[in-house]
2 protein chains.
Amino acid sequence: MIDQSVADVMRASVRTVTEETTASAVARLFADEHIGSAVVVNPATGDPIGIVTESDIMRQVAIGADVSTVPVGSFMTSPVITVTSTESIHTAASLMKDNSIRRLPVVDAGDLVGIVTTTDLTHYLPRLRNTILRTRNDLVGH
Amino acid sequence: MIDQSVADVMRASVRTVTEETTASAVARLFADEHIGSAVVVNPATGDPIGIVTESDIMRQVAIGADVSTVPVGSFMTSPVITVTSTESIHTAASLMKDNSIRRLPVVDAGDLVGIVTTTDLTHYLPRLRNTILRTRNDLVGH
(Lines give C-alpha, C1' and ligand atoms only; values in the text may rest on other atoms or scores of the structure.)
Protein backbone atom coordinates (compact mmCIF):
# COMPACT_ATOMS: atom_id res chain seq x y z
CA MET A 1 0.00 0.00 0.00
CA ILE A 2 2.78 2.51 0.69
CA ASP A 3 4.21 1.75 -2.73
CA GLN A 4 0.92 2.21 -4.52
CA SER A 5 1.38 2.34 -8.29
CA VAL A 6 0.69 5.06 -10.82
CA ALA A 7 -2.14 2.87 -12.20
CA ASP A 8 -3.99 3.31 -8.89
CA VAL A 9 -4.08 7.13 -8.99
CA MET A 10 -3.86 8.08 -12.69
CA ARG A 11 -6.78 9.29 -14.78
CA ALA A 12 -7.35 6.80 -17.58
CA SER A 13 -9.10 9.36 -19.77
CA VAL A 14 -6.45 11.59 -21.28
CA ARG A 15 -7.20 14.28 -23.85
CA THR A 16 -5.06 14.47 -26.96
CA VAL A 17 -4.50 17.16 -29.58
CA THR A 18 -2.27 17.42 -32.64
CA GLU A 19 0.50 19.89 -33.51
CA GLU A 20 -1.98 21.76 -35.72
CA THR A 21 -4.49 22.47 -32.91
CA THR A 22 -4.60 26.21 -32.13
CA ALA A 23 -3.88 27.73 -28.71
CA SER A 24 -7.45 29.00 -28.37
CA ALA A 25 -8.90 25.57 -29.25
CA VAL A 26 -6.71 24.08 -26.51
CA ALA A 27 -7.87 26.78 -24.06
CA ARG A 28 -11.50 25.87 -24.84
CA LEU A 29 -10.72 22.16 -24.33
CA PHE A 30 -9.08 22.92 -20.95
CA ALA A 31 -11.98 25.14 -19.83
CA ASP A 32 -14.71 22.73 -21.01
CA GLU A 33 -13.09 19.62 -19.54
CA HIS A 34 -11.65 21.24 -16.39
CA ILE A 35 -8.16 19.96 -17.24
CA GLY A 36 -4.76 21.62 -17.33
CA SER A 37 -2.92 19.72 -20.04
CA ALA A 38 -3.32 17.64 -23.19
CA VAL A 39 -0.93 15.18 -24.79
CA VAL A 40 0.14 16.04 -28.34
CA VAL A 41 0.00 12.95 -30.54
CA ASN A 42 0.96 12.00 -34.05
CA PRO A 43 -2.49 11.64 -35.68
CA ALA A 44 -1.30 8.79 -37.91
CA THR A 45 0.23 6.59 -35.23
CA GLY A 46 -1.28 7.95 -31.97
CA ASP A 47 2.25 8.16 -30.56
CA PRO A 48 2.73 10.87 -27.89
CA ILE A 49 5.16 13.48 -29.22
CA GLY A 50 4.73 16.29 -26.70
CA ILE A 51 2.57 17.92 -24.06
CA VAL A 52 0.78 21.28 -23.89
CA THR A 53 -0.20 22.79 -20.53
CA GLU A 54 -2.04 25.80 -19.11
CA SER A 55 1.35 27.43 -18.49
CA ASP A 56 2.26 27.11 -22.17
CA ILE A 57 -0.99 28.83 -23.20
CA MET A 58 -0.36 31.46 -20.51
CA ARG A 59 3.01 32.25 -22.08
CA GLN A 60 1.38 32.73 -25.51
CA VAL A 61 -1.11 35.16 -23.96
CA ALA A 62 1.76 36.88 -22.12
CA ILE A 63 3.76 37.50 -25.31
CA GLY A 64 0.66 38.76 -27.11
CA ALA A 65 0.50 35.88 -29.62
CA ASP A 66 -2.63 35.53 -31.76
CA VAL A 67 -4.06 32.59 -29.83
CA SER A 68 -6.69 31.93 -32.51
CA THR A 69 -4.01 30.96 -35.03
CA VAL A 70 -0.80 29.92 -33.21
CA PRO A 71 -0.49 26.09 -33.45
CA VAL A 72 0.41 23.85 -30.50
CA GLY A 73 3.38 22.47 -32.43
CA SER A 74 5.16 25.83 -32.18
CA PHE A 75 5.15 26.00 -28.38
CA MET A 76 4.50 22.50 -26.93
CA THR A 77 7.09 20.74 -24.75
CA SER A 78 8.70 17.97 -26.77
CA PRO A 79 9.88 15.33 -26.13
CA VAL A 80 7.67 14.64 -23.13
CA ILE A 81 8.70 12.96 -19.87
CA THR A 82 6.45 9.95 -19.15
CA VAL A 83 6.05 7.12 -16.62
CA THR A 84 4.73 3.59 -16.92
CA SER A 85 1.61 2.57 -15.00
CA THR A 86 3.56 0.09 -12.85
CA GLU A 87 5.92 2.73 -11.37
CA SER A 88 5.29 3.73 -7.74
CA ILE A 89 3.59 7.04 -6.98
CA HIS A 90 6.81 8.08 -5.20
CA THR A 91 8.79 7.65 -8.39
CA ALA A 92 6.19 9.80 -10.16
CA ALA A 93 6.43 12.46 -7.42
CA SER A 94 10.24 12.47 -7.65
CA LEU A 95 10.15 12.77 -11.45
CA MET A 96 7.83 15.77 -11.14
CA LYS A 97 10.02 17.42 -8.52
CA ASP A 98 13.31 16.79 -10.34
CA ASN A 99 11.95 18.11 -13.64
CA SER A 100 9.77 20.91 -12.22
CA ILE A 101 6.65 19.55 -13.95
CA ARG A 102 3.12 18.90 -12.74
CA ARG A 103 1.82 16.31 -15.21
CA LEU A 104 3.14 12.96 -16.41
CA PRO A 105 1.53 11.07 -19.30
CA VAL A 106 1.41 7.35 -18.52
CA VAL A 107 2.75 5.24 -21.40
CA ASP A 108 2.85 1.44 -21.42
CA ALA A 109 4.70 -0.22 -24.29
CA GLY A 110 4.35 2.88 -26.45
CA ASP A 111 0.63 3.29 -25.78
CA LEU A 112 -0.76 6.34 -23.97
CA VAL A 113 -2.93 4.86 -21.19
CA GLY A 114 -3.46 7.80 -18.82
CA ILE A 115 -2.08 10.88 -17.11
CA VAL A 116 -1.06 11.54 -13.50
CA THR A 117 -0.88 15.05 -12.04
CA THR A 118 0.17 16.75 -8.80
CA THR A 119 -3.55 17.03 -8.06
CA ASP A 120 -3.99 13.24 -8.25
CA LEU A 121 -1.01 12.73 -5.94
CA THR A 122 -2.26 15.34 -3.47
CA HIS A 123 -5.62 13.60 -3.28
CA TYR A 124 -3.72 10.52 -2.20
CA LEU A 125 -1.97 12.28 0.75
CA PRO A 126 -4.73 11.85 3.38
CA ARG A 127 -4.89 8.14 2.57
CA LEU A 128 -1.13 7.91 2.94
CA ARG A 129 -1.37 9.49 6.38
CA ASN A 130 -3.91 6.87 7.44
CA THR A 131 -1.52 4.21 6.20
CA ILE A 132 1.22 5.57 8.43
CA LEU A 133 -1.05 5.57 11.47
CA ARG A 134 -2.32 2.07 10.68
CA THR A 135 1.22 0.78 10.14
CA ARG A 136 2.26 2.24 13.47
CA ASN A 137 -0.75 0.76 15.29
CA ASP A 138 -0.33 -2.63 13.66
CA LEU A 139 3.30 -2.82 14.63
CA VAL A 140 2.74 -1.56 18.17
CA GLY A 141 -0.07 -4.10 18.48
CA HIS A 142 2.31 -7.00 17.87
CA MET B 1 6.77 14.62 11.37
CA ILE B 2 3.77 12.83 9.85
CA ASP B 3 1.62 15.80 10.82
CA GLN B 4 3.95 18.35 9.30
CA SER B 5 2.37 21.79 9.14
CA VAL B 6 1.49 24.03 6.22
CA ALA B 7 4.26 26.41 7.38
CA ASP B 8 6.83 23.70 6.55
CA VAL B 9 5.83 23.31 2.88
CA MET B 10 4.24 26.65 1.88
CA ARG B 11 5.92 29.30 -0.25
CA ALA B 12 6.30 32.45 1.82
CA SER B 13 6.50 34.67 -1.26
CA VAL B 14 3.02 35.07 -2.67
CA ARG B 15 2.18 37.35 -5.58
CA THR B 16 -0.76 39.70 -5.22
CA VAL B 17 -2.82 41.67 -7.75
CA THR B 18 -5.85 43.95 -7.45
CA GLU B 19 -9.31 43.67 -8.99
CA GLU B 20 -8.25 46.22 -11.63
CA THR B 21 -5.30 44.15 -12.93
CA THR B 22 -6.01 42.92 -16.50
CA ALA B 23 -6.03 39.27 -17.57
CA SER B 24 -3.02 39.77 -19.85
CA ALA B 25 -1.02 41.46 -17.06
CA VAL B 26 -1.77 38.44 -14.86
CA ALA B 27 -0.72 36.08 -17.68
CA ARG B 28 2.61 37.95 -17.96
CA LEU B 29 3.08 37.74 -14.16
CA PHE B 30 2.40 33.98 -14.23
CA ALA B 31 4.77 33.42 -17.18
CA ASP B 32 7.56 35.61 -15.76
CA GLU B 33 7.41 34.18 -12.24
CA HIS B 34 6.59 30.58 -13.20
CA ILE B 35 3.53 30.59 -10.95
CA GLY B 36 -0.07 29.52 -11.51
CA SER B 37 -2.04 31.83 -9.27
CA ALA B 38 -2.08 35.22 -7.55
CA VAL B 39 -4.07 36.41 -4.56
CA VAL B 40 -6.36 39.37 -5.22
CA VAL B 41 -6.04 41.91 -2.41
CA ASN B 42 -7.72 45.14 -1.37
CA PRO B 43 -4.97 47.67 -2.16
CA ALA B 44 -5.93 49.85 0.82
CA THR B 45 -5.90 47.15 3.49
CA GLY B 46 -3.93 44.31 1.90
CA ASP B 47 -6.76 41.95 2.83
CA PRO B 48 -7.14 38.93 0.52
CA ILE B 49 -10.49 39.15 -1.28
CA GLY B 50 -10.11 36.51 -3.97
CA ILE B 51 -7.78 34.38 -6.07
CA VAL B 52 -7.03 34.25 -9.81
CA THR B 53 -5.54 31.12 -11.38
CA GLU B 54 -4.27 29.88 -14.74
CA SER B 55 -7.62 28.13 -15.23
CA ASP B 56 -9.47 31.43 -14.82
CA ILE B 57 -7.30 33.08 -17.49
CA MET B 58 -7.79 30.00 -19.68
CA ARG B 59 -11.55 30.46 -19.48
CA GLN B 60 -11.24 34.09 -20.57
CA VAL B 61 -9.18 32.98 -23.59
CA ALA B 62 -11.71 30.21 -24.26
CA ILE B 63 -14.67 32.60 -24.40
CA GLY B 64 -12.76 35.02 -26.61
CA ALA B 65 -12.56 37.83 -24.03
CA ASP B 66 -10.26 40.78 -24.75
CA VAL B 67 -7.54 39.75 -22.30
CA SER B 68 -5.80 43.12 -22.60
CA THR B 69 -8.74 44.89 -20.98
CA VAL B 70 -10.81 42.43 -18.93
CA PRO B 71 -10.11 43.06 -15.20
CA VAL B 72 -9.41 40.31 -12.66
CA GLY B 73 -12.31 41.51 -10.52
CA SER B 74 -14.79 40.33 -13.17
CA PHE B 75 -13.67 36.69 -13.16
CA MET B 76 -11.69 35.97 -9.97
CA THR B 77 -12.89 33.39 -7.41
CA SER B 78 -14.21 35.24 -4.36
CA PRO B 79 -14.36 34.67 -1.46
CA VAL B 80 -11.24 32.52 -1.35
CA ILE B 81 -10.74 29.36 0.72
CA THR B 82 -7.64 29.70 2.93
CA VAL B 83 -5.71 27.79 5.62
CA THR B 84 -3.64 28.90 8.58
CA SER B 85 0.07 28.07 8.68
CA THR B 86 -0.36 25.83 11.72
CA GLU B 87 -2.80 23.44 10.00
CA SER B 88 -1.41 20.01 9.04
CA ILE B 89 -0.55 19.31 5.40
CA HIS B 90 -3.22 16.60 5.46
CA THR B 91 -5.87 19.15 6.34
CA ALA B 92 -4.64 21.25 3.41
CA ALA B 93 -4.75 18.23 1.08
CA SER B 94 -8.30 17.38 2.22
CA LEU B 95 -9.45 20.98 1.72
CA MET B 96 -8.07 20.93 -1.83
CA LYS B 97 -9.73 17.61 -2.60
CA ASP B 98 -13.11 18.52 -1.08
CA ASN B 99 -13.24 21.86 -2.91
CA SER B 100 -11.59 20.73 -6.18
CA ILE B 101 -8.91 23.42 -5.90
CA ARG B 102 -5.12 23.33 -6.30
CA ARG B 103 -3.96 26.37 -4.34
CA LEU B 104 -4.62 27.61 -0.81
CA PRO B 105 -3.51 31.06 0.36
CA VAL B 106 -2.13 30.85 3.91
CA VAL B 107 -3.63 33.49 6.18
CA ASP B 108 -2.68 33.99 9.84
CA ALA B 109 -4.80 36.44 11.86
CA GLY B 110 -5.98 38.17 8.69
CA ASP B 111 -2.49 38.52 7.20
CA LEU B 112 -1.52 36.77 3.97
CA VAL B 113 1.71 34.91 4.85
CA GLY B 114 2.10 32.43 1.98
CA ILE B 115 0.51 29.99 -0.45
CA VAL B 116 0.50 26.19 -0.59
CA THR B 117 -0.20 24.26 -3.82
CA THR B 118 -0.65 20.67 -4.98
CA THR B 119 2.90 20.97 -6.32
CA ASP B 120 4.28 21.77 -2.86
CA LEU B 121 2.41 18.82 -1.36
CA THR B 122 3.57 16.47 -4.13
CA HIS B 123 7.18 17.45 -3.47
CA TYR B 124 6.61 16.30 0.09
CA LEU B 125 5.44 12.78 -0.92
CA PRO B 126 8.88 11.09 -1.23
CA ARG B 127 9.80 12.41 2.24
CA LEU B 128 6.53 11.06 3.61
CA ARG B 129 7.34 7.64 2.21
CA ASN B 130 10.71 7.67 3.98
CA THR B 131 8.89 8.57 7.20
CA ILE B 132 6.66 5.52 6.82
CA LEU B 133 9.63 3.24 6.29
CA ARG B 134 11.52 4.79 9.21
CA THR B 135 8.48 4.53 11.48
CA ARG B 136 8.13 0.88 10.56
CA ASN B 137 11.82 0.17 11.15
CA ASP B 138 11.89 2.06 14.44
CA LEU B 139 8.90 0.16 15.75
CA VAL B 140 10.15 -3.22 14.55
CA GLY B 141 13.48 -2.41 16.20
CA HIS B 142 11.84 -2.10 19.62
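Restricting to chain B, compute how many DSSP beta bridges are antiparallel as a %, nearest 5. Mind dumping the intermediate values first?
Working: 15 of 18 bridges.
Around 85 percent antiparallel, to the nearest 5.
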Normalised contact order of segment B:1-119, rounded percent, pairs of Cα under 8 Å and 6 or more residues apart: 33
Other-copy label distances relative to A:Ala25, 7 angstrom Cα-Cβ extension, nm: 3.4
Residue-averaged [θ]222 nm for the protein assembly as shown, counting only DSSP H segments that reach four residues, each worth -39500 (n - 2.57): -13000 deg cm²/dmol
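Dividing the convex hull volume of the alpha carbon atoms of segment B:78-142 by its residue count, what do you get in Å³ per residue?
Values: hull volume 6.4 nm³, N = 65.
It comes to 99 Å³ per residue, whole-number rounded.
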Residues in segment A:42-69 occluded by at least 30 Å² - accessible area, probe radius 1.4 Å, against chain by itself: A:Glu54, A:Met58, A:Arg59, A:Val61, A:Ala62
Placed amide H near A:Gly50: partners under 5 Å, 5+ positions off or other chain: A:Val40
Copy-to-copy label separations for A:Arg127, where each label sits 7 Å from Cα toward Cβ, in nm and ascending: 2.3
At 7 Å out from Cα toward Cβ: B:Gly46 inter-copy label distances (nm, ascending): 5.6
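What does DSSP give for the protein assembly as shown in terms of the percent of beta bridges that are antiparallel, rounded to the nearest 5? Spell out each step's value before the answer.
On the way: 30 of 36 bridges.
So the antiparallel bridges amount to about 85 percent of the total.
How large is the Kirkwood hydrodynamic radius of chain B, in angstrom, based on all distinct alpha carbon pairs?
Numbers: mean 1/r = 0.0611 Å⁻¹.
Every distinct Cα pair counted, the radius reaches 16.4 Å.
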q = 0.18 Å⁻¹, segment A:28-105: log10 I(q)/I(0) [Debye, one scatterer per Cα]: -0.84
For segment A:1-55, alpha-carbon Rg and Dmax in angstrom: 13.3, 42
In Hz, Karplus ³J(HN,Hα) per residue of segment A:29-41 (6.51, -1.76, 1.60; θ = phi - 60°; x = Gly, Pro): 4, 4, 5, 5, 9, 6, 10, x, 7, 9, 8, 8, 10
Prolate/oblate/rounded label for the protein assembly as shown (Cα gyration tensor, a/c 1.5): oblate
Amide H contacts of B:Val113 (H built 1.01 Å from N, under 5 Å, at least 5 apart or other chain): B:Val106, B:Val107, B:Asp108
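The values are calculated or read from the model by the stated rules, or taken from the named source; none is laboratory data. This is a predicted model, so every value here is computed, not measured. In this analysis, Cβ positions are derived from the backbone assuming ideal geometry, glycine residues included, and neighbour counts consider all displayed protein chains. Protein only, heavy atoms only, side chains kept; ligands, DNA and RNA dropped before computing areas. Shrake-Rupley method; radii C 1.70, N 1.55, O 1.52, S 1.80 Å.
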